[in-house]
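Notes follow once the structure below has been shown.
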Amino acid sequence: MSEGSNDQRCGFVAVVGAPNAGKSTLVNSLVGAKVSIVTHKVQTTRTRVRGIGISGNSQIIFVDTPGIFTAKRRLERAMVQAAWAGVEDADVVLVIHDASRKRISDEARMVIEGLADRPCELVLVLNKIDLVKRERLLSLAAELSESAEFSRVFMISAHSGDGIDDLMEFLAARMPLGPWHFPEDQLSDTTLRLMASEVTREKLFLNLHQELPYALTVETENWQEFNDGSVRIEQTVYVAREQHKAMCLGKGGKSIRAVREAAQRELQETLGQAVHLFIFVKVRENWINDPERYRILGLEFDA
Ligand SMILES: Nc1nc2c(ncn2[C@@H]2O[C@H](COP(=O)(O)OP(=O)(O)OP(=O)(O)O)[C@@H](O)[C@H]2O)c(=O)[nH]1
Ligand SMILES: [Mg+2]
């Protein structure tokens, strides 16, 4: 932290939008490192994830949030509550819209309508422009701007990085004057345990199908560093039914083996050390109504 210089800027940028709009991909791209998991499935992000980016004198704390949708189950309500809470105290709110969708979804409208009366600065970010024709972008920007007052519109591809530098520069200048909140080499405020759980959850999302990824949660329960520089990480995947456990394991343990290998590889790379990852799958019928599971994720139980 370069303390003492009085031209430092530091602030919060919330990243909100419908599920699958590309919020986490964008946060990772702005931070320049993977801080939040990404999959092609909706509702990947379950809680707020803070990623820290630096541009010139500005430290920007990006708050990735779960997608906003009509929540029914307890976990879904907690996720959507966490998303709206991410907007509180933000200096700038980026509204991420998936421009590649043919129609503006009800969920996307819900996000913009929910923000319209808030006193914060709203910036519209049309994402996935690698998949869209330019004419469509202009009409989309005009249509979305009818529902809320945006100070700027950016057209980007979080995937290819197109437009990211301009957005970063804009945000850096928008941050209020003040000392940096985090050391300059810190990329995220999450714990290693939570990060490791998320990596495994991402691999479960990628390897399991239908409702199964939504019916489980992952917790890191043991973390043991050894003198040879390696680490043993033990995790539990909680599922609600025996049948889900069988599906999670796969034939002859094939699915969980693929998950374990992919997660171990990524953790090894992120941590820069040898990782011995052990994953146990346990049935805990009512985990979705257990307050402790929510506390660990930083979610509100009674949202
Ligand atoms: N073609 C293309 N795909 C993108 C772009 N940005 C994100 N994606 C893809 O969109 C999908 C969803 O990305 P995420 O970053 O997980 O989206 P999210 O908004 O965080 O989703 P939730 O956490 O589920 O709300 C992934 O398959 C990404 O690879 C982009 O600019 N172009
Ligand atoms: Mg996400």
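Bridgeable lysines around residue 102 (alpha carbons under 21 Å apart, same-chain partners fewer than 8 residues away excluded): 23, 41, 128, 133. Students often forget the sequence filter, so: which aspartates and glutamates lie under 15 Å Cα-Cα from residue 251 once same-chain residues fewer than 8 apart are removed? Those aspartates and glutamates meeting the cut-off are 242. Specify the residue with the greatest mean-square fluctuation among 291, 176, 119, computed from a Gaussian network of the chain linking alpha-carbon atoms under 10 Å apart. Its mean-square fluctuation being the largest, the pick is 119. Taking 0.36 nm per residue of separation and subtracting the current Cα-Cα distance, fully stretching the chain between residue 6 and residue 147 would add 46.9 nm.
Computed from label points 7 Å out along Cα-Cβ, the spacing between residue 136 and residue 109 is 2.0 nm. Toward the positive end of the charge dipole of the chain, with +1 on the Cβ of Lys and Arg and -1 on the Cβ of Asp and Glu, the farthest Cα among 182, 287, 17 is that of 287. At an R0 of 25 angstrom, the distance between the Cβ atoms of residue 166 and residue 57 translates into a FRET efficiency of 0.90. Show which aspartates and glutamates lie in cross-link reach of residue 34 when reach means a straight Cα distance below 15 angstrom and same-chain residues fewer than eight apart are skipped. Cross-link targets: 64, 185, 189, 198, 202, 266, 269.
When the residues 150, 226 are ordered by accessible surface, computed with a 1.4 Å probe over the protein chains alone, the sequence from largest down reads 226, 150. Comparing 64, 189, 290 in a Gaussian network model of the chain where C-alpha atoms under 10 Å apart are linked, the largest mean-square fluctuation is found at 290. Toward the positive end of the charge dipole of the chain, with +1 on the Cβ of Lys and Arg and -1 on the Cβ of Asp and Glu, the farthest Cα among 208, 108, 55 is that of 208. Charge dipole (Cα centre; +1 on Lys/Arg Cβ, -1 on Asp/Glu Cβ; no other charges) of the chain amounts to roughly 1420 debye. Here the relative contact order of region 1-137, from alpha carbon pairs under 8 Å that lie six or more residues apart, stands at 28 percent. For the peptides 153-164, 41-52, the ranking by packing is 41-52, 153-164, with the highest mean count of neighbouring Cβ atoms within 10 Å listed first. Each Lys and Arg Cβ is given +1 and each Asp and Glu Cβ -1; about its Cα centre, region 77-236 then shows a dipole of about 680 debye. Placing unit charges on the Cβ atoms of the charged side chains and taking the dipole of region 155-269 about its Cα centre, the candidate lying farthest along the positive direction among 197, 223, 235 is 235.
The values are calculated or read from the model by the stated rules, or taken from the named source; none is laboratory data. Predicted model, so just to flag it, every value in this text is computed and none were measured. All Cβ positions, glycine included, derive from the backbone under ideal geometry; neighbour counts span all protein chains shown. Keep in mind that these areas ignore ligands, DNA and RNA; they rest on the heavy atoms of the full protein, side chains included. Shrake-Rupley method; radii C 1.70, N 1.55, O 1.52, S 1.80 Å.
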